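What follows is one structure encoded as structure tokens, with my remarks underneath.
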Amino acid sequence: MTGEPDMAAAYQRHRAAVIGLAYRMTGSLATAEDIAQEVFLRWHDADRAAIALPRAWMLKAAARLSIDHLKSARMRRERYVGAWLPEPLLDAPLGAGEAMRAPQEAARLAAEDLSVAFLLTLQRLSPAERAVFILHDLFETPFTEIAGLLGRSEAACRKLAGRARAHLGTVEPRQAVSEAEARRIATAFLAASRSGDEAGLRRLLAEDAVLRSDGGGLRYAALNPIRGAERVIRLFAGLARKGSPGLPPLLHLGHINGWPGYVTLEPDGLPQVTTLELREGRIAGIYVLRNPEKLAALRVRQPA
């Protein structure tokens with residue numbers, strides 16, 4: 001057992017970075033945690049004396065496992081029903097006594113831009129483009145090392161990174177939103193959308209606001225994005241007329257993937273995550289995650 005505590009300690013120092021890379025690659029926190037566990041097993045069995053840079057070794061292992069996962073999941077993604085959204089990352093829980101608890105790695109993962117819009121753009125990249133961009137631009141891995149990982153030349157990896165940056169250049173930089181402001185905006189939108197308050201929604205929404213919802217074919221959700229504030233307002237007004245009066249139980253309020261958002265317990269007994277993307281103080285993107293398979297980790301404890 002000599003060296004085992006040191007081996008585990010070295011892994012723990014870099015576990016957050018491993019999860020962060022795999023989460024960006026796959027859009028799934030559950031998958032990222034599985035990949036991190038596999039990286040640990042490989043680290044345990046590796047000739048660690050021959051590894052000069054443990055962090056770089058673990059990140060490359062995570063990238064390789066993520067690419068393998070994406071290749072195996074390609075057909076499932078192509079058959080996915082409706083819009084696809086990444087699993088949510090709750091940046092700040094209400095408190096230890098509340099129903100929801102953020103993942104332990106949340107604060108450290110949020111060091112980089114993890115907005116839903118950014119993650120969706122990452123998902124439009126090829127697995128190789130994604131791996132090169134994340135490893136080089138976010139985790140500062142030299143192109144020479146990435147080339148060995150992908151079995152490509154250094155020049156080819158530089159081209160992949162350039163294509164990735166061109167795609168990602170269309171993403172609006174994330175605005176810093178304080179916890180108090182995130183709660184204020186999320187509370188106002190929740191009240192206006194659930195009551196069908198059209199005037200209130202007009203004050204909150206940008207004219208070109210877009211709503212995307214992900215039910216995964218398992219719960220009702222719009223199959224295509226709903227574009228434009230007026231169409232979004234009509235949707236919420238119609239849902240309010242058909243729905244139950246009052247607000248649903250609130251399980252989380254504050255930041256989700258760095259933006260204002262909230263988690264509610266819906267009448268069907270399942271949670272729903274709503275994330276609000278801001279632009280110049282107005283809500284430009286609304287992301288509603290309803291797919292129960294992506295929300296299983298959030299159902300830690302529900303109110304009696």
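The values are calculated or read from the model by the stated rules, or taken from the named source; none is laboratory data. Remember, it's a predicted structure, so these values are computed and weren't measured experimentally. Cβ placement follows ideal geometry from the backbone for every residue including glycine, while neighbour counts extend to all protein chains displayed.
List of remarks:
- Count of segment 224-237 residues, restricted to those that are more than 15 Å from residue 277 (Cβ to Cβ), in a helix (DSSP H, G or I) and touching a residue at least 40 places away in the same chain (Cβ under 8 Å), is 2.
- From the list 209, 221, 192, the one residue that fits, being in a loop (DSSP other than H, G, I, E, B) and surrounded by 19 or more Cβ atoms within 10 Å (Cβ to Cβ), is 221.
- Only one of the numbered conditions (1) assigned to a helix (DSSP H, G or I); (2) crowded, with 16+ Cβ neighbours inside 10 Å is violated by residue 12, and that is (2).
- Failed criterion for residue 163 (all others in (1) at pLDDT 90 or above; (2) closer than 26 Å to residue 15 by Cβ hold): (2)
- Hey, residue 100 buried (at least 16 other Cβ atoms within 10 Å of the Cβ), out of contact with any Lys or Arg (no Cβ under 6 Å at 6 or more places or on another chain) and modelled with pLDDT of 70 or more or not: no
- Per this entry, residue 144 is not counted among residues that are in contact with a Ser or Thr (Cβ under 8 Å, 6 or more places away or on another chain), surrounded by fewer than 19 Cβ atoms within 10 Å (Cβ to Cβ) and modelled with pLDDT under 95.
- Residues located in segment 21-59, provided they are part of a loop (DSSP other than H, G, I, E, B) and among the β-branched types (Val, Ile, Thr): 51
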